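**Q** The structure follows.
The values are calculated or read from the model by the stated rules, or taken from the named source; none is laboratory data. Note that the structure is predicted; figures quoted are calculated from it, not measured. With ideal geometry, Cβ positions are generated from the backbone for all residues, glycine too; neighbour counts draw on all protein chains shown.
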2 protein chains.
Amino acid sequence: MMDNANAGRGRELLAVLEDLGGGGAFADQIFSLVGRSQFFAEFNRDDVNLLGGYMRVYHAEPGQTIIREGDIGDYMLLVIRGEVDIYKQNLMGEKQLMTSVIQGMTLGEMSMIDGEPRFATCVALKETTFGVLTRDDMVKIILEKPSLGSKILIKLVTMLSQRLRHTSATLLQYMSNP
Amino acid sequence: MMDNANAGRGRELLAVLEDLGGGGAFADQIFSLVGRSQFFAEFNRDDVNLLGGYMRVYHAEPGQTIIREGDIGDYMLLVIRGEVDIYKQNLMGEKQLMTSVIQGMTLGEMSMIDGEPRFATCVALKETTFGVLTRDDMVKIILEKPSLGSKILIKLVTMLSQRLRHTSATLLQYMSNP
């Protein structure tokens, strides 16, 4: 069903952050962030309570690195409170600020999904609280709670699709104006 | 569960193509194309037989337009045989060839997912056979066959994720070399 070889690897950065425990206690906040989806699926309160039970919540101080480009990693983050800067090394090896991510947005889902190395570095800009969902958790949800699993996957698909539209449109602008 | 307002719209282009009927008769070819997935999920033969039952298969002659940029559309395509060119209008209104897509690859999944207008135009380069999966079909699969639904969603998530990595890396090259 999945490649477990790297499970657990790449969680060293989490280990130095403050562990706030299971996500159940954060269900209210998570619900207010992910409750509504534009198409297909909506998360109801039961879904979010279930999802919280699979997540673990952490806290990062400003300046703490949450994800490092090139690392192996098998989890995604949901920012519950705070703000995270996304940096990427350019071809000259310089760290470039790509974008910032605030509450309700997710990070790191590409590696959670495809197991490839982290594409960018994520650093807390403010005091940041975030939920962690690992690939193992995701597989468990799909098997144990297929309806919730579908809703999360639909959410991911929608989000990646919109991000791809945005990135492709930006790339086209660069390609059109050499 | 979903926004049905546009269901059926945007299928005018399909209406002029040769309709080869349900996808069940193409299960062998579909299986050879989508059977194996790198992570999470694999499609077994039963899955593909089921999936074929939800798809409709069409044939396009070289030069026929399958999807038109800016149109409303609620279906995705799986290229079973042939080759499709993807064009996008640039800021000067010129049609630019973005990429080509061959058998086993999918097209149009962003609009199937998020309901936004088509991002690009798809034109058959060769004799092309493709399966069509509408948003209605996808919702039905998720409700009626949740395990198959999850596998399709995982496939979509993986593919979008890899496409986003690729597009982002290309964009970064443009941004680094002005």
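**Q** Since A:V139 meets every condition but one in (1) closer than 29 Å to A:G53 by Cβ; (2) among the β-branched types (V, I, T); (3) in contact with a helix residue (DSSP H, G or I) (Cβ under 8 Å, 6 or more places away or on another chain), which condition does it not meet?
**A** Failing condition for A:V139: (3).
**Q** Within segment A:110-123, is even one residue assigned to a helix (DSSP H, G or I), at the interface with chain B (Cβ under 7 Å from one of its Cβ atoms), touching a strand residue (DSSP E or B) at 6+ places or on another chain (Cβ under 9 Å) and without any contact (Cβ under 8 Å) to a residue 60 or more places away in the chain?
**A** Yes; the residues of segment A:110-123 include at least one that is assigned to a helix (DSSP H, G or I), at the interface with chain B (Cβ under 7 Å from one of its Cβ atoms), touching a strand residue (DSSP E or B) at 6+ places or on another chain (Cβ under 9 Å) and without any contact (Cβ under 8 Å) to a residue 60 or more places away in the chain.
**Q** Here is a further query. For the subset of segment A:124-166 comprising residues that are polar (S, T, N, Q), within 7 Å of another protein chain (Cβ to nearest Cβ) and buried (at least 19 other Cβ atoms within 10 Å of the Cβ), which member is farthest from B:Q162 (Cα to Cα)?
**A** A:S150
**Q** On to the next question. Confirm whether A:T99 is surrounded by fewer than 18 Cβ atoms within 10 Å (Cβ to Cβ), closer than 30 Å to B:G70 by Cα, facing another protein chain (nearest Cβ under 8 Å) and of a type in the set (V, I, T). If you could, list the steps in order and put the result at the bottom.
**A** Details: surrounded by fewer than 18 Cβ atoms within 10 Å (Cβ to Cβ): yes; closer than 30 Å to B:G70 by Cα: yes; facing another protein chain (nearest Cβ under 8 Å): no; of a type in the set (V, I, T): yes.
For A:T99, the condition - surrounded by fewer than 18 Cβ atoms within 10 Å (Cβ to Cβ), closer than 30 Å to B:G70 by Cα, facing another protein chain (nearest Cβ under 8 Å) and of a type in the set (V, I, T) - is not met.
**Q** I've got another one for you. Please verify whether segment A:98-106 includes one or more residues that are part of a strand (DSSP E or B), under 16 Å from B:S161 (Cβ atoms), at pLDDT 90 or above and under 11 Å from the mean Cα position of the chain (by Cα).
**A** Within segment A:98-106, not a single residue is part of a strand (DSSP E or B), under 16 Å from B:S161 (Cβ atoms), at pLDDT 90 or above and under 11 Å from the mean Cα position of the chain (by Cα).
**Q** With A:T158, A:T106 as the choices, which residue is out of contact with any Asp or Glu (no Cβ under 9 Å at 6 or more places or on another chain), of a type in the set (S, T, Y) and within 27 Å of B:R135 (Cβ to Cβ)?
**A** That would be A:T106, the only listed residue that is out of contact with any Asp or Glu (no Cβ under 9 Å at 6 or more places or on another chain), of a type in the set (S, T, Y) and within 27 Å of B:R135 (Cβ to Cβ).
**Q** Quickly run through segment B:1-47 and pick out the residues that are closer than 20 Å to B:G149 by Cα, at pLDDT 80 or above, assigned to a loop (DSSP other than H, G, I, E, B) and not polar (S, T, N, Q).
**A** Scanning segment B:1-47 gives a single hit, B:F43.
Residues checked against (1) aromatic (F, W, Y); (2) more than 15 Å from the chain's Cα centre (by Cα); (3) under 21 Å from B:G108 (Cα atoms):
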position: B:D137; (1), (2), (3): no, no, yes
position: B:I142; (1), (2), (3): no, yes, yes
position: B:S147; (1), (2), (3): no, yes, no
position: B:L164; (1), (2), (3): no, yes, yes
